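Structure record follows, encoded as structure tokens.
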Amino acid sequence: MKLLVFAEQRDNVIKKSSCETVRAARNAADALGLECIAVLAGSGVEGIAGALGRYGASRVIVVDDPSLAAHSSTACAKAIASVAAAEGAGLLFLPASQMGKDLAPRVAVKLNAGLASDCIAIRIENRDIIATRPAYGGKVMLDVRITSAVKVFTLRPNVFPAEVDGENAPVQKAEITFGPEDFGAVVTRVDVAVGRPDVTEADIIVSGGRGLKAPEHFALIESLAEVLGAAVGASRAVVDAGWRPHDEQVGQTGKTVSPSLYIACGISGAIQHLAGMSSSKYIVAINKDKNAPILQMADYGIVGDVFEILPELTAQLKQVLGK
Amino acid sequence: MKIAVCINHVPDSETKAKIGADGLSLDRAGINYMMSPYDEVAVEEALRIRDKFTGEVTALSLGNEKNKETLRKALAMGVDKAILLKDDAERDSHGVAVGLAAALKPLAPDVILFGKQSIDYDNAQVGVLVAEMLGMPSVGVVIKIDMQDGKAVCVREIEGGHETVETRLPSVFLAQKGLNEPRYPSLKGIMAAKNKPIEEQTAAAAERLVETLAMRKPPAKAAGRIVGTDKTAVPELIRLLREEAKVI
């Protein structure tokens, strides 16, 4: 049996979440005594494939086809499932990125496999994988086991380390024929904001809530985020009020995040918000209400006025970080 | 246009999680249930597509008798038909998808809508599983759908931005907040929904592929320290973040 791990590339750059997934896949493969093979799909991607060896792939199979220049979930899922079948892979790992979440269920159906999604820990017991995954927006953790012969796992971004250890891996090409029927949904345009990371991928998040009092005061949050190279997050209250776009919402009905540092400003900490950010490594809370639930889980709290503290914090960090 | 929308009945997001006696699921006592919030967006979009192109919206929910509450809400919002796919046992995502796909097939919908994920188990699998089982394309986390001539041009969220995706009908769409503003059922709608029938079918049987071994609360985070109460605390906070936490 072999383990196959899918690496996502955009514009021929391999995403960090995929490097994390390849490393986690290699660790699992080593523990089970299996070969760890990576698969990469796209057009003109052969040149970037070998580097996956440095994250743990012992070889890389590329599905390189001009028709894959624009991403199509239907065609890409076919590529992954075909390679898995040809290699006889019994375990598949994908990143739980937006692309991975689109692909994994399709691959699972094609291979009659069970799927454990958004896993945050993987351990081996009795030569089988036990995966831990959050549910109810992070309020609980589940240990799950897949009982089908072929098993598919997606791994949450920003949780597993992407350690570099090893050399470039040999690259093989898989020949797969695609027809028009394989392109049911095709990406025709990508607009990615430059400079500001997404909350699900960010190492640092600066988040604001009702305590900011008005949408224009989010400039304070943005300035601090800018200095730290951080993503901007928001509570449900301010998203529902239309102050901030929904893609910034952190919580059970928004995004569940795991950054190294989460700075909550003027957020009291509703249950559904806390669930979404409690797996942050370090939490800073700035809130003038000393009884705010967020201060109960913050590593460092300042019980004070965000309008006084945020400008000072931004100014001093600018100096300290030389920006 | 034939439109189907698949909805789920879930614990309210304000619910405090308490693990049940089995150690595998939530203690259901005292929990309020609601339609999963992304499913509300899906229902709203289904109604808007119907009103634009004419046609019929069928809402489906797989679960026990209690799911009728969420189907009633969909009827009150304005869907034309509601079907409960009955199974008292809890299913994994694959099981839910098998049940839904079997019921959707004879309906032959042009458009199938789901919420981008159900906020109970957060698997974010069922919509795409159903699409693959029915041989349809799908667009996930969608915030805009423009439909014409048997095609849909959609905008969906990706990390740090957006993607435009073109798909042909029939297709599955997974609704994200921001796609629309779901309507509140009118009093008239609520009254009318009380008398509308909910069709019941036994959900098609499915094998379980993922088993839960344990459910537990995440380790409680111990409260840390209060660094100060005004801006004089800032230098100490920065020192702690750099020297103790080493995160900046």
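Quick note: the coordinates plus some simple rules give every number you see, no bench work behind them. What you are looking at is a predicted structure, and each value in this text was computed from that prediction instead of being measured. Glycine gets a Cβ as well: all are built from the backbone with ideal geometry, and neighbour counts include every protein chain shown.
Just a few scattered comments:
- Of A:P245, A:P161, A:P134, the one that fluctuates the most in a GNM where chain A has Cα springs shorter than 10 Å: A:P245
- Look at the alpha carbon pairs under 8 Å that are at least 6 residues apart: their mean separation over the length of the range A:204-320 gives a relative contact order of 25 percent.
- Amide proton proximity set for B:D230, modelled H, under 5 Å, gap of 5+: none
- For the protein assembly as shown: rounded, prolate or oblate by the Cα gyration tensor [a/c cutoff 1.5]: oblate
- Helical runs assigned H by DSSP (4 residues or longer) give the protein assembly as shown a calculated mean residue ellipticity at 222 nm of -8500 deg cm²/dmol, each run adding -39500 (n - 2.57) before division by the residue total.
- What the phi angles of the range A:279-289 give under the Karplus curve with 6.51, -1.76 and 1.60, with θ = phi - 60°, is a coupling list of 8, 5, 5, 10, 10, 10, 10, 10, 8, 7, 8 Hz, glycine and proline written as x.
- Shown in residue order for the range B:38-49 are the 3J(HN,Hα) couplings computed by the Karplus curve 6.51 cos²θ - 1.76 cosθ + 1.60 at θ = phi - 60°: 5, 5, 4, 5, 5, 4, 4, 5, 4, 5, 5, 5 Hz (x for Gly and Pro).
- Qualifying GluC sites (Glu not before Pro) for the range A:121-174 [loop in DSSP, other Cβ within 10 Å: at most 12]: A:E167
- Environment charge at B:V79 (Cβ cut-off 11 Å; Lys +1, Arg +1, Asp -1, Glu -1): +2
- Between the amide H of A:A285 and those of A:A264, A:Y300, A:G301, A:I302, distances stay under 5 Å, these residues lying 5 or more places away or on another chain, with hydrogens modeled in the peptide plane.
- Among B:R225, B:R91, B:R216: highest mean-square fluctuation, GNM of chain B, C-alpha pairs under 10 Å: B:R225
- Candidates A:R123, A:R23, A:R54: whichever shows maximal mean-square fluctuation once chain A is modelled as a Gaussian network with Cα springs under 10 Å: A:R123
- Residue-wise HN-Hα coupling along the range B:52-61, computed from phi with Karplus coefficients 6.51, -1.76, 1.60 (Hz; x: Gly, Pro): 7, 10, 6, x, 9, 10, 10, 9, 10, 9
- Relative contact order [Cα under 8 Å, 6+ residues apart], chain B, whole percent: 24
- Averaged over peptide A:141-149, the number of partner chain Cβ atoms lying within 10 Å of each residue's Cβ comes to 6.
- Percent RCO, i.e. relative contact order, over chain A, from Cα pairs under 8 Å lying at least 6 residues apart: 15
- Three-way shape call for the range A:204-320 based on the alpha-carbon gyration tensor, with the a/c threshold at 1.5: rounded
- For residues of A:293-301, the mean tally of beta carbons on other chains within 10 Å: 6
- Averaged over peptide B:85-96, the number of partner chain Cβ atoms lying within 10 Å of each residue's Cβ comes to 2.
- Three-way shape label, chain B, alpha-carbon gyration tensor, a/c 1.5: prolate
- For A:L91, the amide hydrogen comes within under 5 Å of the amide hydrogens of A:K2, A:L4, A:K151, counting only partners 5 or more places away or on other chains and with H modelled in the peptide plane.
- Pairwise centroid distance, computed over Cα atoms, of the range A:176-254 with the range B:1-23, Å: 25
- Within a straight-line Cα-Cα reach of under 22 Å, B:K73 can be paired with the following lysines, leaving aside sequence neighbours fewer than 8 residues apart in one chain: B:K2, B:K52, B:K81, B:K86, B:K116, B:K177, B:K188, B:K194, B:K196.
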